[in-house]
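> Pasting a structure here, questions to come.
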Amino acid sequence: MRAIHRIVTTRLCSSFRPILVDFVSCSPLRQCSIPRRRLICAAAAKANGGGRSGSIVAPPLVSEEDFQKIDVNPPKGTRDFPPEDMRLRNWLFNHFKEVSRLFGYEEVDFPVLETEALFIRKAGEEIRDQLYCFEDRGNRRVALRPELTPSLARLVIQKGKSVSLPLKWFAVGQCWRYERMTRGRRREHYQWNMDIIGVPEVTAEAELISSIVTFFKRIGITAADVGFKVSSRKVLQELLTKYGVPEGLFGRVCIIIDKIEKIPIDEIKKELGFTGMSEDAIEQLLQVLSVKSLDDLEDILGGAGEAIADLKQLFSLAEKFGYSEWIQFDASVVRGLAYYTGIVFEGFDRKGKLRAICGGGRYDRLLSTYGGDDIPACGFGFGDAVIVELLKEKDLLPELGQEVENIVCALDKDLQGAAATVATTLRDKGQTVDLVLESKPLKWVFKRAARVNARRLVLVGKTEWEDGSVSVKVLSSGEQFQVKLNDLE
Ligand code: HAM
């Protein structure tokens with residue numbers, strides 16, 4: 001088929017960038033050798049209001065010659081998953097999924113493409129500036145999801161009273177953020193999420209952290225390698241109420257505070273000043289954020305508030321779940337998303353070399369921001385990138401080779417049909433089979449068997465086949481025998 005591609009311009013963050021869309025698969029193509037004049041053409045066509053109604057811009061056709069030389073790398077910040085990487089990804093995702101099931105969670109999924117409005121919050125979050133957003137052919141503003149939580153909230157509202165609470169849901173899905181690339185931060189990543197909807201008690205957060213600890217233990221990570229910094233947004237809420245900061249500014253203040261380690265402190269103070277906080281209040285707030293013990297926090301806030309009560313309960317439950325040595329109080333943890341309302345936590349590597357491994361918290365009021373009735377909720381997101389960096393650091397990456405139980409090979413070209421029958425017989429019995437599809441010398445077959453880690457070699461030779469039998473060689477022991485096809489297990 002003749003390849004016809006169109007160039008569209010689309011808004012990415014605030015700037016216009018050209019994106020190539022293959023309208024057969026609807027997937028973005030590599031930004032390759034597109035002559036600049038063609039891009040100009042596309043922009044000009046848009047300005048002239050060209051193109052059929054509903055399309056993004058008037059799309060000039062680009063001839064096949066323009067696409068002869070493509071960049072074979074995936075777009076910056078994204079990854080291919082060749083088999084060796086896919087094995088690792090499957091290994092990781094299987095652990096995510098098995099742990100979720102161990103805790104009684106059900107798997108859910110959502111579209112990667114959502115309406116842009118789902119991700120637009122007013123608090124000035126970084127995640128909003130990183131949004132991959134554009135207009136589709138029906139002139140709808142859409143975005144590639146940067147996280148899963150808004151989609152989950154949307155689905156909970158949609159399900160309404162048809163679901164009985166609490167819900168315990170998990171998902172593993174791809175997220176897109178136009179990030180500055182650092183170690184473990186990419187423009188596309190997969191996130192494992194576990195969320196509990198309908199439980200107002202801290203028992204929910206305590207169990208969520210327990211599930212992450214269970215995951216770490218399964219893959220060989222210990223409390224000496226990683227920990228969780230835990231705090232509560234209620235700490236800030238109580239302080240801000242004390243300083244007369246309006247409730248509506250709470251999310252904004254949290255976002256500013258989350259940047260403390262990323263931008264100079266004077267900038268932080270200036271931004272906090274814009275929210276109406278006095279200099280004195282800002283100084284005291286920054287002082288409280290440096291508190292690292294619950295007792296010291298209690299001295300500052302007094303023992304009566306919800307923040308202290310929640311945190312004490314969490315630490316007590318951590319003991320019962322058996323992960324006390326994994327968690328520590330740290331008032332500076334507020335998290336960068338506006339919707340958290342209570343306990344917040346982040347997984348970190350104790351050597352301090354990597355960005356946050358995972359993070360989550362309570363978001364009791366997210367649903368009402370979408371017009372739904374609020375339901376208490378909490379959860380976490382765990383990316384697939386930082387954990388792999390950590391496993392590399394610790395030399396804990398598993399060695400995962402291809403695994404196939406049998407290689408089936410015809411010894412004669414005429415017996416290729418017979419070999420197909422043998423392969424089908426084995427596959428019907430649940431055995432994995434790599435069938436040799438061409439006439440190859442035995443030396444080649446043995447090499448291939450070693451490469452795919454085959455357990456057995458099943459050879460289909462003329463004399464044996466006339467007798468309804470095949471030769472089997474067990475590769476680990478060298479044992480060799482003949483067996484009737486029907487008896488081959
Ligand atoms: P988040 O802290 O933005 O939270 O992301 C959660 C985790 O996703 C991070 O700790 C990190 O492991 C991974 N992650 C985030 N951005 C990137 C990136 N650019 N490259 C690689 N990995 C990344 C959330 O997204 C919340 N929605 C989590 C949540 C679920 N809260 C409640 N339920």
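The values are calculated or read from the model by the stated rules, or taken from the named source; none is laboratory data. Given the structure is predicted, the values throughout are model-derived calculations rather than measurements. Here the Cβ positions follow ideal geometry from the backbone for every residue, glycine too, while neighbour counts run over all protein chains shown. For the accessible areas, the whole protein counts, side chains as well, though only heavy atoms, and no ligand, DNA or RNA atoms are used. Shrake-Rupley method; radii C 1.70, N 1.55, O 1.52, S 1.80 Å.
> Order 216-226, 141-151 from most to least packed using the mean count of other Cβ atoms within 10 Å.
Numbers: 216-226: 15.9, 141-151: 21.1.
Ranking the peptides 216-226, 141-151 by packing returns 141-151, 216-226.
> Under 8 Å for C-alpha pairs, at least 6 residues apart: give me the relative contact order for the chain, rounded to a whole percent. All intermediate terms of the calculation are to be shown ahead of the outcome.
Working: 819 pairs, mean separation 60.1, N = 489.
Here the relative contact order equals 12 percent.
> So how do 197-208, 240-251 stack up, highest first, on mean other-Cβ count within 10 Å? Write down the numbers at each step before the final one.
Values: 197-208: 19.6, 240-251: 14.8.
Answer by packing, highest mean first, reads 197-208, 240-251.
> In square angstrom, rounded to the nearest 10, how much accessible surface does D373 have for a 1.4 Å probe?
120 Å²
> Working out 0.36 nm times the residue gap between T203 and S324, then minus their Cα-Cα distance, what length gain in nm do you get to one decimal?
Details: separation 121, 0.36 × 121 = 43.56 nm, distance 1.45 nm.
Residue separation times 0.36 nm, minus the Cα-Cα distance, leaves 42.1 nm.
> Now, a different point. Apply 1/(1 + (r/R0)^6) to the Cβ-Cβ distance of Q402 and E279, taking R0 = 45 Å, and write down the FRET efficiency to the nearest 0.05. Could you put the intermediate results ahead of the total?
Values: r = 63 Å, r/R0 = 1.41.
With a Förster radius of 45 Å, E is 0.10.
> With each label point set 7 Å from Cα along the Cα-Cβ vector, what nm distance links V472 and D395?
Here the answer is 3.9 nm between the modelled labels.
> Checking the a/c ratio against 1.5 first, then a/b against b/c, what shape does the Cα gyration tensor give for the range 308-455? Let's see the in-between values first.
Numbers: a/c = 3.86, a/b = 2.63, b/c = 1.47.
Because a/c hits 1.5 or more and a/b exceeds b/c, the range 308-455 counts as prolate.
> Taking 8 Å as the Cα distance limit and 6 or more residues as the minimum spacing, I'd like the relative contact order of the range 282-423 as a percentage.
13 percent
> If you don't mind, there's one more thing I want to ask. Would you mind getting the accessible area per residue of the range 404-487, heavy atoms of the protein chains only, 1.4 Å probe, in Å²? Intermediate values should be presented prior to the final figure.
Values: 4740 Å² over 84 residues.
Per residue, the range 404-487 has 56 Å² of solvent-accessible surface.
> Between R137 and R101, what's the calculated FRET efficiency when r is the beta-carbon distance and R0 is 45 Å? Round to 0.05. Spell out each step's value before the answer.
Details: r = 39 Å, r/R0 = 0.87.
E(calc), rounded to 0.05, equals 0.70.
> Under a Cβ-Cβ cut-off of 12 Å, what is the net charge of the residues other than V404 that fall near it, where Lys and Arg count +1 and Asp and Glu count -1?
Numbers: positive: R427, R448, R451, R455, R456; negative: E403, E405, D434.
Net charge around V404: +2.
> Roughly speaking, what is the centre-to-centre gap between the range 310-357 and the range 69-142 when only Cα atoms are used, to the nearest Å?
Comparing the Cα centres of the range 310-357 and the range 69-142, I get a distance of 24 Å.
> Enter the accessible area per residue of the range 62-165 (Å², integer; probe 1.4 Å; all protein chains in place). Don't skip to the end; give the middle numbers.
On the way: 5840 Å² over 104 residues.
On a per-residue basis, 56 Å².
> Would you mind getting me the FRET efficiency between D71 and L113? Use the beta-carbon distance for r and R0 = 25 Å, nearest 0.05. Provide the component values of the computation, followed by the final result.
Details: r = 24 Å, r/R0 = 0.98.
For D71 and L113, the calculated efficiency is 0.55.
> Sum -39500 (n - 2.57) across every DSSP H segment of at least 4 residues in the chain, then divide by the residue count to get the 222 nm mean residue ellipticity, nearest 500.
Helix-only estimate at 222 nm: -10000 deg cm²/dmol.
> Quick one: with all protein chains in place, what share of the accessible area of the chain is carbon or sulfur, to the nearest percent (1.4 Å probe)?
Values: 12300 of 24320 Å².
Reported share for carbon and sulfur atoms: 51 percent.
> Once phi is turned into θ = phi - 60°, what whole-Hz ³J(HN,Hα) does the Karplus curve with 6.51, -1.76 and 1.60 give for every residue of the range 287-299, x standing for Gly and Pro?
So the Karplus estimates, Gly and Pro as x, are 5, 4, 5, 8, 6, 10, 10, 5, 5, 5, 5, 4, 4 Hz.
> Residue separation times 0.36 nm, minus the C-alpha to C-alpha distance between I157 and E489: what's the value?
Working: separation 332, 0.36 × 332 = 119.52 nm, distance 5.11 nm.
The I157-E489 span can extend by a further 114.4 nm.
> Moving to a separate point now. How far apart, in nm, are two points set 7 Å out from the Cα along the Cα-to-Cβ line at K292 and at R89?
It is 3.9 nm.
> In whole angstrom, how far apart do the alpha carbon centroids of the range 145-200 and the range 391-426 sit?
Value for the Cα centre distance between the two parts: 37 Å.
> Note down the accessible area of S290, probe 1.4 Å, to the nearest 10 Å².
Surface accessible to solvent at S290 totals approximately 70 Å².
> Continuing with this model, one more query. Please work out how much length the chain gains when fully extended from T182 to K312, using 0.36 nm per residue of separation minus the C-alpha to C-alpha distance, in nm with one decimal.
Values: separation 130, 0.36 × 130 = 46.80 nm, distance 3.54 nm.
Full-extension gain reported as 43.3 nm.
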